[in-house]
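J.: Pasting a structure below so you can have a look.
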Amino acid sequence: MKIDFIKSRFMYYGFALVLIFISLGAYFTLPLNLGIDMTGGAQTEYDYTAGQIDMSTIKDMVSETKKNIMYNETEVINNVNIYKISGENKFVVEAGFSKISGISDKDFEGLKTKFKDEITGKFASLSSVKITMARYINIGESFGDYIKKTAYMTLALVIIAISLYIAYAFRGSIEGFTSFSFASVTAISLFHDLIIAFGLYIIASYFFPEFKIDTFFITAMLTVLGYSINDTIVVMDRIRSNLRLPENKKKDFGTVINNSVNDTMTRSIYTSLTIFIVLVAMFFFGPDSIRGFILALIFGTIVGAYSSIAIAAPLLYDISGKKR
């Protein structure tokens, strides 16, 4: 049974627009749960003796210390992330610091040192396990600002570069058919995937603070773009191949597109489902430190599969002007 994507395209467009508005609304109304590499802060790695370590006790100690790190009765630590390193007797404490108004650089750095010294002292007081500090990294606020400024630019440049490559790769492939139609559809689909995956992750991070917007998240968004364009190219290439067939020369353009999407839909669903199963397994059974990265990939995989099938091809029908 074939699905008529062209006939139902406005329903798919409408669903996509609703998700885009929700995503943009989340971005402009919800506080961004930024990671330490976006805000600046301190990262401390600890070794502990072999055996079991009670991470709930560690988290309680860190949470108690976090409340004591204040400047003019204002907390300067905006978030804390604690996780074990898989396969090793190590755990990491990450604390994001906000440089509040009026605080000097010296006082700000002093609060970072105070936090490190206090939690290290509390860990050393535990009798059940021996914990020692192995490494301390001070992440400056300027580095976080640099990451935030370049992240948006990087994602936009990747979309533009991919679209230009599609225009080049599809040039002259069909007589009287401009390759910029394929490039435009690619750019719109990728922006669609990026905005919705970003928005869904912001909503998830609002309700579950352990999911941070950090460099791992930016890497996940770039990975989503790579996966999405791979799926979209398969659909576009099938459309191009079918348009070249002599028996399709007199067929309605929408019919050719519809047949092409249905030809590749099973492949797209199977591929996306396989990736989805692997990502879900990694999300629940993988290390805590990459769960946010995996969650972003899950959102991107679902949205990318949807856009490749229900958005990209119908958009080509509307943008190309080849409706007859």
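J.: Looking at I188, I257, I233, I218, which is the one that is closer than 18 Å to L279 by Cβ, out of contact with any Gly (no Cβ under 6 Å at 6 or more places or on another chain) and of a type in the set (A, V, I, L, M)?
T.: Working: I188 fails: closer than 18 Å to L279 by Cβ; I257 fails: closer than 18 Å to L279 by Cβ; I233 fails: closer than 18 Å to L279 by Cβ.
It is I218.
J.: A follow-up question, please. Take the residues in the stretch 247-279 that are in contact (Cβ under 8 Å) with a residue 60 or more places away in the chain and under 30 Å from the mean Cα position of the chain (by Cα), then tell me which one is surrounded by the fewest Cβ atoms within 10 Å (Cβ to Cβ).
T.: The residue in question is N262.
J.: Given (1) closer than 17 Å to Y48 by Cβ; (2) within 32 Å of the chain's Cα centre (by Cα), identify the lone condition not met by S125.
T.: (2)
J.: Yes or no: I188 in contact (Cβ under 8 Å) with a residue 24 or more places away in the chain, of a type in the set (A, V, I, L, M) and either under 25 Å from A167 (Cα atoms) or not in a helix (DSSP H, G or I) (or both)?
T.: Considered against the rule, which asks whether it is in contact (Cβ under 8 Å) with a residue 24 or more places away in the chain, of a type in the set (A, V, I, L, M) and either under 25 Å from A167 (Cα atoms) or not in a helix (DSSP H, G or I) (or both), I188 comes out as yes.
For (1) among the β-branched types (V, I, T); (2) modelled with pLDDT of 90 or more; (3) in contact with a Leu (Cβ under 7 Å, 6 or more places away or on another chain); (4) farther than 25 Å from Y13 by Cβ, each residue gets a yes or a no:
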| position | (1), (2), (3), (4) |
| --- | --- |
| V185 | yes, no, yes, no |
| A197 | no, yes, no, no |
| I202 | yes, yes, yes, no |
| S205 | no, no, no, yes |
| K212 | no, no, yes, yes |
| T215 | yes, no, no, yes |
| I218 | yes, no, no, yes |
| V224 | yes, no, yes, no |
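J.: A follow-up question, please. For the stretch 111-120, does any single residue satisfy the condition of being closer than 20 Å to S289 by Cβ and in the same structural domain as G286 (by TED's automatic domain parsing)?
T.: There is no residue in the stretch 111-120 that is closer than 20 Å to S289 by Cβ and in the same structural domain as G286 (by TED's automatic domain parsing).
J.: Any idea which residue in the stretch 86-103 is farthest from I119 (Cα to Cα), counting only those that are in contact with a strand residue (DSSP E or B) (Cβ under 7 Å, 6 or more places away or on another chain) and of a type in the set (D, E, K, R)?
T.: Among those that are in contact with a strand residue (DSSP E or B) (Cβ under 7 Å, 6 or more places away or on another chain) and of a type in the set (D, E, K, R), it is K90.
J.: While we're here: What residue, among those in the stretch 171-182 that are of a type in the set (A, V, I, L, M, F, W, C) and surrounded by fewer than 22 Cβ atoms within 10 Å (Cβ to Cβ), is modelled with the highest pLDDT?
T.: It comes out as F180.
J.: Would you please name the residue that is modelled with the lowest pLDDT, looking only at residues in the stretch 7-48 that are of a type in the set (S, T, Y) and under 27 Å from N138 (Cβ atoms)?
T.: Initial filter on the stretch 7-48 (of a type in the set (S, T, Y)): 8, 12-13, 23, 27, 29, 39, 44, 46, 48.
Next, from what is left, pick out any that are under 27 Å from N138 (Cβ atoms): 39, 44, 46, 48.
Numbers: T39: 74, T44: 89, Y46: 90, Y48: 88.
Ranking the qualifying residues of the stretch 7-48, first place goes to T39.
J.: Mind listing whichever residues of the stretch 91-119 are surrounded by fewer than 17 Cβ atoms within 10 Å (Cβ to Cβ) and not in a loop (DSSP other than H, G, I, E, B)?
T.: Hits for the stretch 91-119 are D105, K106, D107, E109, G110, T113, K114, D117.
J.: In addition: Could you tell me which residue of the stretch 158-185 is nearest to R244 (Cα to Cα), considering only residues that are of a type in the set (S, T, Y) and in a helix (DSSP H, G or I)?
T.: Among them, the one singled out is S181.
The values are calculated or read from the model by the stated rules, or taken from the named source; none is laboratory data. Here the structure is a predicted model, which is why all the values come from computation and not from measurement. Here Cβ is always computed from backbone atoms with ideal geometry, including for glycine, and neighbour counts include all displayed protein chains.
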